[in-house]
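Peer 1: Please read through the structure below; I'll follow up with questions.
The values are calculated or read from the model by the stated rules, or taken from the named source; none is laboratory data. Note that the coordinates shown come from a computational prediction; the quantities given were computed from them, not determined experimentally. As a convention, Cβ positions derive from the backbone with ideal geometry for all residues, glycine included, and neighbour counts pool all protein chains shown.
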Amino acid sequence: MQLNSDIAAIITGGASGLGAATARRLASRGVKVAIFDMNEEAGQTLALELGGVYCNVDVTSDEQVDEAFAKARASVGQERILVNCAGTADAVKTASRDKNTGEIRQCAADRFNRIIQINLVGTFRCIAKSVAGMLTLAPLADGDRGIVVNTASAAAQDGQVGQASYAASKAAIVGMALPISRDLMDEGIRVNTIMPGLFGTPLLQGLPDNVKQALAATVPFPKRLGDPDEFAQAVEFLATCGYMNAEAIRVDGAIRMAPR
């Protein structure tokens, strides 16, 4: 797929971090961008900067997602690119013992399910609605109708202590790419996944310098946090390389996460 002003993209979680970097890179290639996010101030600011549109949306809500797709398409047209960056994390052990009292605690299923609903079901919800719209488009010269890029995590393969729900949601995002791409193989719609490692998103940049330095030291090479634009470069590659389909790539400086 050639990136130009005839192409529209939707980026969920697009107001900050990896999503914002992706929106900026795609817009720099002429792509018309729509930003889905719950942070209205940041989303509106970025949309204004890029000449795009912001849609306030919670990806766990069918109604809000439907309204956001309608608003985005009315503004920038039917998207050929969907990048799913919306997600969240949690940290709780499956079961643990209080070191002082000896009390045994367990993770509530509702807490586990919340992460699954946001990260996994929210991603699938946006995929299903987006590709249904892509099916209305004629294929481009290279045969592409559209491309979906999902965000998993290195935790999909090396989940750490307390990450059962997060790792499960991200592993499932990796696992569903192949069957979804097979669902769409006769329609010219590709589905790929990025598994980022430690990136300098607002969440990590807000940590004390000594903590960031310690995290960076765990990366084999280069020994630093990833630049969000490096994630965006991977999105651009997956969008423009027509033979990349049903693939999951790690963008992580060769890190393999330790148990904690």
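Peer 1: Are there any helices (runs of 4 or more DSSP H) wholly within segment 159-260 with 2 or more residues that are within 30 Å of A128 (Cα to Cα), more than 17 Å from the chain's Cα centre (by Cα) and not acidic (D, E), and if so which?
Peer 2: 164-183
Peer 1: While we're here: Just to be sure before I move on: is R256 closer than 30 Å to C107 by Cβ and not small (G, A, S) in the structure I sent?
Peer 2: Considered against the rule, which asks whether it is closer than 30 Å to C107 by Cβ and not small (G, A, S), R256 comes out as yes.
Peer 1: Before we move on, is T101 over 19 Å from V161 (Cβ atoms) and modelled with pLDDT under 95?
Peer 2: yes
Peer 1: What's the number of the only condition in (1) farther than 22 Å from A164 by Cβ; (2) loosely packed, with under 14 Cβ neighbours inside 10 Å that E247 fails to meet?
Peer 2: (2)
Peer 1: What tally of residues in segment 169-199 results from selecting those that are of a type in the set (A, V, I, L, M, F, W, C) and loosely packed, with under 14 Cβ neighbours inside 10 Å?
Peer 2: Residues flagged as of a type in the set (A, V, I, L, M, F, W, C) and loosely packed, with under 14 Cβ neighbours inside 10 Å within segment 169-199 amount to 1.
Peer 1: Another question, if that's okay. Here is a check on your reading of the model: is I147 hydrophobic (A, V, I, L, M, F, W, C), outside any loop (DSSP other than H, G, I, E, B) and crowded, with 17+ Cβ neighbours inside 10 Å?
Peer 2: Taking the combined requirement at face value, the residue satisfies it.
Peer 1: I need every pair where a residue in segment 244-256 that is at positive phi has its Cβ under 7 Å from the Cβ of a residue that is in a loop (DSSP other than H, G, I, E, B), sequence separation at least 6 or different chains.
Peer 2: Taking only residues 6 or more apart or on different chains, the pairs are G253/G197; G253/V219; G253/P220; G253/F221; G253/P222; A254/P220; A254/F221.
Peer 1: Could I ask something else about it? Sort out which residues of segment 33-47 are surrounded by fewer than 22 Cβ atoms within 10 Å (Cβ to Cβ) and touching a strand residue (DSSP E or B) at 6+ places or on another chain (Cβ under 8 Å), and write them in order of number.
Peer 2: Across segment 33-47, the qualifying residues are M38, E40, Q44.
Peer 1: Read through the list (1) among the polar types (S, T, N, Q); (2) surrounded by 21 or more Cβ atoms within 10 Å (Cβ to Cβ); (3) closer than 22 Å to A232 by Cβ, then give the number of the only condition that S165 fails.
Peer 2: Just one mismatch for S165, condition (3).
Peer 1: Looking at this structure, is S96 among the small types (G, A, S), in contact with a strand residue (DSSP E or B) (Cβ under 9 Å, 6 or more places away or on another chain) and at pLDDT below 95?
Peer 2: Considered against the rule, which asks whether it is among the small types (G, A, S), in contact with a strand residue (DSSP E or B) (Cβ under 9 Å, 6 or more places away or on another chain) and at pLDDT below 95, S96 comes out as yes.
Peer 1: Let me ask another. May I ask you to verify whether E49 is of a type in the set (D, E, K, R), over 19 Å from the mean Cα position of the chain (by Cα) and over 26 Å from M195 (Cα atoms)?
Peer 2: It is true that E49 is of a type in the set (D, E, K, R), over 19 Å from the mean Cα position of the chain (by Cα) and over 26 Å from M195 (Cα atoms).
Peer 1: Just one of (1) of a type outside the set (D, E, K, R); (2) in contact (Cβ under 8 Å) with a residue 60 or more places away in the chain; (3) touching a Gly at 6+ places or on another chain (Cβ under 7 Å); (4) buried (at least 18 other Cβ atoms within 10 Å of the Cβ) trips up P202, so point out which.
Peer 2: Exception for P202: condition (4).
Peer 1: Hey, can you tell me all the residues within segment 78-113 that are closer than 17 Å to A168 by Cβ and surrounded by fewer than 16 Cβ atoms within 10 Å (Cβ to Cβ)?
Peer 2: Within segment 78-113, T88, A91, K93, T94, A95, Q106, A108, A109, D110, R111, N113 meet the criteria.
Peer 1: List the number of the failed condition for T136; all other conditions in (1) within 20 Å of L3 (Cα to Cα); (2) of a type in the set (S, T, Y); (3) within 18 Å of the chain's Cα centre (by Cα) hold.
Peer 2: Single failed check for T136: (3).
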